[in-house]
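Just so it is clear, none of the values below were taken in a lab; they were calculated from the coordinates. Source: prediction; values computed, not measured. Reconstructed Cβ throughout: ideal geometry from the backbone, glycine too, with neighbour counts over all protein chains shown.
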Amino acid sequence: MPAEQFVTALNEQIGREFGASQQYVAVAVYYDALTLPQLAGFFYRQALEERDHAMMMVKYLLDADEIPVIPGVGAPTAEFADIVEPVRVALEQEKRVTDQISSLAAVARQANDFVSEQFTQWFLKEQVEEIATMSDLLAVSERSKDRPAEIEDYVAREHSADTSADPTSPAPAGGAVG
Ligand SMILES: [Fe+2]
Ligand SMILES: [Fe+2]
């Protein structure tokens, strides 16, 4: 049985992962409307990944005989000053989530709930990658702010549809959508 404090904290994180997913849909739609299909595609895929993170947490609770609470989410930021700002918003979001997952791990450890602590490890590793990806994209976007085609080329080159499944990732409730 997971520690009660961990169940509460994980339920809160489920809401934040769905919130992150909605934020990425809003960013994808912004780029799609500007006919920047590579950036749009990249963020549509990120949105699905965040949704999967939430569903992995849902499954962890279900498998532990806990009832996951599916919360509503606040409206995402949908208006941006320029094409760089959404990437800045994304990087800030990933940094915030890293702090949140670290707190989750700390809650598990303090409660001597080592199984739950272990569950958080994959997410921490994932955050390292996502922060690296977003800070690289931010650097490229700032440099090529006035030449969107260069940003599009970069995304196409570095982040074309990634179909390689990570065999170490926890399974999402309901199976993978991708
Ligand atoms: Fe996430
Ligand atoms: Fe993320």
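Which aspartates and glutamates have a Cα lying under 18 Å from the Cα of residue 95, excluding residues fewer than 8 positions away in the same chain?
Straight-distance partners of residue 95: 12, 17, 49, 50, 85, 126, 129, 130, 136.
Convert each backbone phi in region 131-140 into a coupling constant with the Karplus relation 6.51 cos²θ - 1.76 cosθ + 1.60 (shift: θ = phi - 60°), then list the ³J(HN,Hα) values in order as whole Hz, x for Gly and Pro.
5, 4, 4, 6, 6, 5, 5, 5, 4, 5
At R0 = 45 Å, how high is the FRET efficiency between residue 171 and residue 150 if r is their beta carbon distance? Nearest 0.05 is fine.
Efficiency at R0 = 45 Å is approximately 0.75.
Quick check on region 15-115: take the gyration tensor over C-alpha atoms, sort the square-rooted eigenvalues as a ≥ b ≥ c, and tell me if it's rounded (a/c under 1.5), prolate or oblate.
prolate
Taking the Cα centre as origin and putting +1 on Lys and Arg beta-carbons and -1 on Asp and Glu beta-carbons, what dipole magnitude results for region 1-68, to the nearest 20 debye?
300
Report the full-extension gain for the segment residue 109 to residue 81: residue separation times 0.36 nm, less the Cα-Cα distance, to one decimal in nm.
Gain in length upon complete extension: 5.9 nm.
Hey, if you put +1 on the Cβ of every Lys and Arg and -1 on every Asp and Glu Cβ in region 40-91, which of 72, 87, 57 ends up farthest toward the positive end of that dipole?
Checking the options against the dipole of region 40-91, the answer is 87.
Rounded, prolate or oblate, given the Cα gyration tensor of region 92-169, with a/c below 1.5 counting as rounded?
oblate
Find which of 140, 161, 101 sits farthest along the positive direction of the dipole of region 93-178, computed with +1 on the beta-carbon of Lys and Arg, -1 on that of Asp and Glu, about the Cα centre.
101
Note down the magnitude of the dipole of the chain about its Cα centre, charges +1 on Lys and Arg C-beta and -1 on Asp and Glu C-beta and zero elsewhere, to the nearest 20 debye.
That gives the chain a dipole magnitude of about 60 debye.
Where does the charge balance sit around residue 115 when Lys and Arg score +1, Asp and Glu -1, over other residues with C-beta under 15 Å from its C-beta?
Net local charge, residue 115 excluded: -4.
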